[in-house]
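What follows is a single structure, written as structure tokens, with notes after it.
The values are calculated or read from the model by the stated rules, or taken from the named source; none is laboratory data. Computed from a predicted structure; not experimentally measured. Note that we place each Cβ from the backbone using ideal geometry, even for glycine, and neighbour counts take in every protein chain shown.
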Amino acid sequence: MHVQGPQRLGDILKTTSIPGASSSPPTARACPTCGTEIKALQITLLGELKWIIPACPMCRDRAEAQAEKRQRQTHQTTRRERYLERWPDWGLPLDLQEKTFRNFALRDGCKGAFEAAKSYASGWPQTQGLLLWGPVGNGKSHLAAAILGEVVGKGGVAVFLKVQKLMFEINASYGDRAKENELDILDAILAMDLPVLDDLGAKRWSEADRDRLFYIIDERTANHQPLLATTNLTPNELRGYIKDRAFDRLMDRCAFVENGGKSYRGRGHSA
Ligand SMILES: [Zn+2]
């Protein structure tokens, strides 16, 4: 084994200086960038005490924080791009793309749901689960779209999923020409900041569909991840449409808010 190296290095250090190291204490100096006073630091270099002026700790922390922030932003941007490629316009159908809280027509019976949706959006990402239920066409999807818009505005990744369409897509993923499989789709949904399950009780789901819904609901709620859902059914009816266990998870983790307003349909308003 070659043992000469370190000894030789020690000899070299005695005769040459390393940048910034000195054997007598230098006076403190002010950081040229931020003005913070930087004190000299005594270190042991190969058995010898040396004084060095370290890098400004304030500037170093700031640079590290900036680098981290840039990295986070880049990551978030690519993540949003990836989702938008899969679900253009965050999955919103054309008739819901312009829906906000401001253009929501507040009618009798809607106030509670409107306020709940607004506070859900303003509290996001601290808010967890919300299920809006009530008659067909009374603005539940409008409110869900408005929440989605605010979440996306805050930098979140949210996707509006018409449950029936989602089930068609998953079934299509078993076709020969499919580019993605069922697990790709479900995993993408689970990795979102906020998936919106719109029209959870659109029909009596097949056993396979019920399993998928349970998987999404169970994974989201078990991991304390936000979830938003709408349904035209009463909670009691909904229980019969999805698995009991999925319903129980929703009860545990979501606020059930009734939108008691009558339908807007046929009055020049959309859902
Ligand atoms: Zn500094």
- Task: Answer yes or no: is there a residue in segment 199-213 that is within 16 Å of Arg249 (Cβ to Cβ), of a type outside the set (Val, Ile, Thr), out of contact with any helix residue (DSSP H, G or I) (no Cβ under 7 Å at 6 or more places or on another chain) and assigned to a loop (DSSP other than H, G, I, E, B).
- Result: no
- Note on the structure: The condition from (1) part of a loop (DSSP other than H, G, I, E, B); (2) under 20 Å from the mean Cα position of the chain (by Cα) that Asn103 misses is numbered (2)
- Task: Mind counting the residues in segment 19-61 that are of a type in the set (Gly, Ala, Ser), within 11 Å of the ligand (Cβ to nearest atom) and exposed (fewer than 11 other Cβ atoms within 10 Å of the Cβ)?
- Result: 1
- Of the conditions (1) part of a helix (DSSP H, G or I); (2) surrounded by 23 or more Cβ atoms within 10 Å (Cβ to Cβ), Pro195 clears all except one; give me its number. (1)
- Task: Scan Val151, Val136 and give me the residue that is under 22 Å from Asn259 (Cβ atoms), hydrophobic (A, V, I, L, M, F, W, C) and modelled with pLDDT of 95 or more.
- Result: Val151
- Task: Could you tell me whether any residue of segment 40-58 is modelled with pLDDT of 80 or more and assigned to a helix (DSSP H, G or I)?
- Result: yes
- Could you grab the pairs with beta carbons closer than 7 Å, sequence gap of 6+ or different chains, first residue in segment 27-42 and polar (S, T, N, Q), second one away from the ligand (no atom under 13 Å from the Cβ)? Gln42/Leu49; Gln42/Trp51
- Message: Between Glu81, Glu68, Glu64, which is closer than 30 Å to Ala191 by Cα and either within 16 Å of the ligand (Cβ to nearest atom) or not in a helix (DSSP H, G or I) (or both)?
- Response: Glu64
- Message: Being touching a Pro at 6+ places or on another chain (Cβ under 7 Å) and in contact (Cβ under 8 Å) with a residue 40 or more places away in the chain is true for just one of Leu250, Leu161. Which residue is that?
- Response: Leu161
